[in-house]
Amino acid sequence: MAEPQAHAALHTLSGTALGRIRASGQPIEAFRGIAIYDTSKDEIFMSLDGFEAAEQALASIPSLQERYGVDQASRLALQFIYELLGRLHEPVFDEELFESLWVDFLAELAEPQWLFRGVANVRFLVAEGPSFDLGDGVSIKGRSIEELSELGFSDPVLAGLFDDWAGFGASSYIMLVEDRLDKSPDNFVLSSNPTLFCKAQRALSALRLLAPGDIGIGRMWVGRAARFNVGLGGTDIVGHSVPSFGSELQLTESIAAAVPAMYDALRRLETQGYVGAPGNLDLARRSFRATYDRSAAGGDARVLDAITALEAGLGSGEGEITFKLSFRVAGILAADDAERVRIFNEMKAYYDLRSKLVHGASLKEKHHRLIADVEPLRHLVRELLRSLIHMALTPGHPYSKRFFDERLDAALLDKAERDRLRSTLGMV
C-alpha cells in the first residue's frame, strides 16, 4: 500500500505546485532546480498543502527506507517536483508525463546499486574497430554524442568533452568507465566514485605496457547515472589534458584482448604490494608513466624518466653505472648474442645522453637524434616492466632482492642461469 499512497500524494502535490506557478505569472523556467540547492526556491514547494503528506508517504516505502533512508523523504518529494518541471514546457499538468516520471522513480528505487559513469577523450589512438571492451567496466568507443546522451551525460558535459577534444593527438575515440555500488543511506549523496579514474589509469597503463604509442586521456567527467535524479546536481571533473607531441597507438583486437590480463596484474600489484619484485617496481612504474604524462614533456625529460624506471627496476649495483645497467638490460631482454650486443650499445648511448642531461653538458648531434626518438628506449622499459610484473606475481620463485643485488651479473654470464632467470621473468 505504501507505493500507491506515495503515488497519490505526489500526484496531488504536483497539481498544487503547478497551480502555484500559474498563479505567480512567472515562467516555469524560474521554478526549476535541484533539491536543497536553493532554499528559497525549495520553500515555495515545501510550504504547499500536501507536501508533508507526500513526504510521509515516501518515507513509508520499505525499499526507500533501506536504500535512501527516511531522512531523505523531504529531498525526494522536492526533487520529484523539480524533475516534473524539467520535463514540462508550461505549468499545465500532463498525466502521461507524470506517470512516466513515476515509473522512472520506481525503477531507480528498485535498482539495488548506484551506477557511476566517467568519460574522457582518448588521445593518440587509431583502432581497427569501433568499440573495445577492456574489462572491469572500462571500454574504448568511437565518439557518439547521441550514445553518450543516452547514457546519461548532460549537455554541459558533452560540451566540455567537445572543447577538450581538439588539439595534439585528438582522436575519434573516448574512454568510458563504469562502476557500481550497493545503495545505502550512507552513500545517498555520493555524486561520483573515485574508483572510476583509478580504473581508467589502470587500463591506460595496461595499454602502454602492451603497445608503443603515446596514448593518453584528457579530463574525465564523472557522475552518477540514474533514471531518476534523487537530488544531486553537477558532475565532477578529474585529471587534466597534457599538451604533447607523440605517435599514435595502433589498437588491434589482439592488443585489446590482452588488456584484461595486464589490467588484473596491475590491480593485484596495487592490492598486494611490490614485495615480490626486485628493485623498486613502484617507482619504476611511476617513472614509466611519467614518460607519457609529464606536462609538456620533451624528449630530454622522457629520457631521464625512462632511465630512472630502468634503474629503479633493476638497480645498477656498484661500479661503472653505464656498463652495469646496459649489461643487465641486454642480458635479461635479449634472446641471442646479436640482440644482446644491439641492446647493450643502445643502452650505452641513451645512458651517455642521460649523463649529459643531468650534468648540463653540451649535446652533440648524436644526442639530439636520440632525444628526437625516445621510443626505442621506452620499448626497453616496457619489456622490462612486463617481465618484472610477471615475476612479482609468480609465487615461489628463487630470485630474491638479494640475488639481484649480489648475483645477477654473474648469473647473466652463464647461459643456463640466464635462461632460467628469463623463464621466471616470462621472457621464454
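The values are calculated or read from the model by the stated rules, or taken from the named source; none is laboratory data. Bear in mind that the values here come from a model prediction, so they are computed numbers and not experimental data. Neighbour counts run over all protein chains shown; Cβ positions are idealised from the backbone, glycine included. The area values use the complete protein model at the heavy-atom level, side chains included, leaving out ligands, DNA and RNA. Shrake-Rupley method; radii C 1.70, N 1.55, O 1.52, S 1.80 Å.
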Handout entry: Two-site label geometry, D264 and E365: point separation in nm, points 7 Å out along Cα→Cβ
Key = 5.2 nm
Handout entry: Choice from H89, H379, H11 with maximal GNM fluctuation in the chain (Cα, 10 Å cutoff)
Key = H89
Problem - Cα-based Lys pair tally, the chain, threshold under 15 Å, eight or more apart or on separate chains - result: 5
Exercise for the section: Mind listing the long-range amide H neighbours of L134? Cut-off is under 5 Å, sequence gap 5 or more, other chains count too, H placed in the peptide plane at 1.01 Å from N. Expected result: S139, I140
Problem - Carbon plus sulfur fraction of accessible area for the chain, probe 1.4 Å, in percent - result: 53 percent
Handout entry: ³J(HN,Hα) computed for each position of the range 272-289 - Karplus, 6.51 cos²θ - 1.76 cosθ + 1.60, integer Hz, glycine/proline x
Key = 9, x, 10, 5, x, 10, x, x, 10, 5, 4, 5, 4, 5, 5, 5, 4, 4
Fill in the blank from the handout: Computed from the beta carbon distance with a Förster radius of 51 Å, FRET efficiency for E95 and F162 to the nearest 0.05 stands at 0.85
Practice task
Work out the charge dipole of the chain with +1 on the Cβ of Lys and Arg and -1 on the Cβ of Asp and Glu about the Cα centre, then indicate which of S149, M391, A73 is farthest towards its positive end.
Solution key: M391
Problem - HN-Hα J in Hz across the range 166-183 - Karplus 6.51, -1.76, 1.60, θ = phi - 60°, x for Gly and Pro - result: 5, x, 4, x, 4, 10, 8, 10, 10, 9, 10, 10, 10, 8, 10, 9, 4, 5
Exercise for the section: Would you be so kind as to identify which of L249, G86, T235 lies farthest towards the positive end of the dipole of the chain, taking Lys and Arg as +1 and Asp and Glu as -1 on Cβ and the Cα centre as origin? Expected result: L249
Fill in the blank from the handout: Which residues qualify? For I217, with a placed amide H closer than 5 Å and at least 5 residues away or on another chain, they are R123
Fill in the blank from the handout: Checked against the positive end of the charge dipole of the chain (+1 on Cβ of Lys and Arg, -1 on Cβ of Asp and Glu, about the Cα centre), the farthest of S287, A410, F51 is A410
Problem - Two-site FRET efficiency, K401 against S184, from Cβ-Cβ distance with R₀ of 60 Å, rounded to 0.05 - result: 0.90
Exercise for the section: Pull out a ≥ b ≥ c, the square roots of the eigenvalues of the alpha-carbon gyration tensor of the chain, then state rounded if a/c is under 1.5, prolate if not and a/b is larger than b/c, and oblate in the remaining case. Expected result: prolate
Exercise for the section: Hey, can you grab everything whose amide H is under 5 Å from the amide H of A127? Only 5+ residues off in sequence or another chain; H modelled, so Pro and N-termini drop out. Expected result: L251
Practice task
Taking the Cα centre of the chain as origin, work out the dipole magnitude from +1 charges on Lys and Arg Cβ and -1 charges on Asp and Glu Cβ, in debye rounded to 20.
Solution key: 2220 debye
Practice task
With a probe of 1.4 Å, find how much accessible area the chain has per residue, and write the answer as a whole number in Å².
Solution key: 46 Å²
Exercise for the section: Multiply the residue separation of E146 and D38 by 0.36 nm, subtract the distance between their alpha-carbon atoms, and state the gained length in nm to one decimal. Expected result: 35.8 nm
